[in-house]
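The values are calculated or read from the model by the stated rules, or taken from the named source; none is laboratory data. What you are looking at is a predicted structure, and each value in this text was computed from that prediction instead of being measured. Glycine also receives a Cβ, built like all others from the backbone with ideal geometry; neighbour counts cover every protein chain displayed. Side chains are part of the model used for accessible areas, which takes the heavy atoms of the whole protein and leaves out ligands, DNA and RNA. Shrake-Rupley method; radii C 1.70, N 1.55, O 1.52, S 1.80 Å.
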Amino acid sequence: MLEVEDLVIRYGPFLACDCISIEIKAGEIVGVIGPNGAGKSSVVRAIAGLVRPTSGSVRFLGQSTLDVPVHGLIRMGLSLVPEGRGLFPQMSVEENLMMGGYSLNNKLRRKELVENCYELFPILKERRNQYAGTLSGGQQQMVAVSVGLMGDPKLCIFDEPSLGLAPIVIQQIGDTLKKMRDLNLTVLLIEQNAMLASRVADRIYIMSAGRVQFHDTPASLMQNPEVIEKFLSA
Ligand SMILES: Nc1ncnc2c1ncn2[C@@H]1O[C@H](COP(=O)(O)OP(=O)(O)O)[C@@H](O)[C@H]1O
Ligand SMILES: [Mg+2]
C-alpha cells in the first residue's frame, strides 16, 4: 500500500532524514518509534505531501506521490492526523468532523462516517455541539482521530496520538487503534510511547538521528538486548 524508499529530507544544511525506507502492506498496523527529533514527523509530512523530500521516493497504491498535491493524496485515501491534533478549537465537535469530510462529495457517505465516529467514541456524540477547544485532551484526541477517519481513508497516519495524555486515556487510544483493522484501515502509527506502539503494531521501525536503526516485530524487538539498552530502558 505504501512504499517509502531511500527518503532523504534536509532543512537547509540540516539532514533530518537519511535514507529512510518503510513499507506498509494493506491491513497492517505499522509503528515508527524513536526519541524526539528522530525525524519521525518529517517522514510522515513527506508522505502526506507537506514536505518536499530532497531525494527518494514515496509510492501510495502503486503511484508515485511526490507530484500529487495534498488534496489529491486525500482523495486517493491518505489521511494524516498531525502531531498536536490540528483541531479548530472554536468550532464544535461536529463541525470539526465535517471539516475532515469536506473532500467527500457523497453526503450520505459523510453522514455514515460521522455515525461511525460516534460509534467508535460515544462521548463525542454527547458532546457534538460543544467547542472542541473545551474538551479534555483525551477527548480532543478522539476528535482528531475522527477527523482523520472522516476523509474515508485507506491509510491513516497518526503522529504521536498519545502525546500529553494520561495512561488510562493512552490505553483507550490503543484499544481504538486496534479496532482500525476491523474498519478495513491500514495504519501508520508514529509514537514516542514504545509500549503503546508494541501493543498495537504488527511491525515496528525504530528511528533515531534521522535513520531507521531497527525494524522487526514488537516481540522480537523486545528481546533484542541492543534495542532494550538503547530504546526501552528509559
Ligand atoms: N521545518 C523545519 N525546519 C528546520 N528544521 C526542522 C523542521 N522540522 C523539523 N526540523 C528538525 O528536524 C529534526 C527532526 O524533526 P521531526 O521530524 O519533527 O522529528 P520527530 O517527529 O521524530 O520529533 C529535528 O532536529 C527538528 O528540529
Ligand atoms: Mg514528531
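The single condition from (1) closer than 23 Å to Q139 by Cα; (2) over 16 Å from the mean Cα position of the chain (by Cα); (3) loosely packed, with under 14 Cβ neighbours inside 10 Å that G84 fails is (2).
Please specify each residue of the range 105-120 satisfying the condition of being crowded, with 17+ Cβ neighbours inside 10 Å and part of a loop (DSSP other than H, G, I, E, B). None - no residue of the range 105-120 is crowded, with 17+ Cβ neighbours inside 10 Å and part of a loop (DSSP other than H, G, I, E, B), so the list stays empty.
Count of the range 155-171 residues, restricted to those that are farther than 27 Å from I22 by Cα and either open to solvent by 30 Å² or more (accessible area, probe 1.4 Å) or away from ligand 2 (no atom under 16 Å from the Cβ) (or both), is 4. Of the candidates S55, S79, S64, the single residue that is polar (S, T, N, Q) and surrounded by 14 or more Cβ atoms within 10 Å (Cβ to Cβ) is S79. Taken over the range 202-220, residues that are open to solvent by 10 Å² or more (accessible area, probe 1.4 Å) and away from ligand 2 (no atom under 15 Å from the Cβ) amount to 12. Out of the residues in the range 175-199 meeting the condition of being away from ligand 1 (no atom under 16 Å from the Cβ) and at pLDDT 95 or above, tell me which one is surrounded by the fewest Cβ atoms within 10 Å (Cβ to Cβ). The qualifying residue surrounded by the fewest Cβ atoms within 10 Å (Cβ to Cβ) is T186.
Of the strands (runs of 3 or more DSSP E) entirely within the range 1-88, those holding at least 2 residues that are modelled with pLDDT of 95 or more, more than 13 Å from ligand 2 (Cβ to nearest atom) and closer than 26 Å to P218 by Cβ occupy 2-11, 14-24, 29-33, 55-60. Are any of the residues in the range 124-137 free of Cβ contacts under 8 Å to residues at least 40 places away in the same chain and either on the phi > 0 side of the Ramachandran plot or open to solvent by less than 10 Å² (accessible area, probe 1.4 Å) (or both)? Yes - at least one qualifying residue is present in the range 124-137. Screening the candidates E23, E5, E28 for the property of being without any contact (Cβ under 8 Å) to a residue 24 or more places away in the chain and more than 14 Å from ligand 1 (Cβ to nearest atom) yields one hit, E23.
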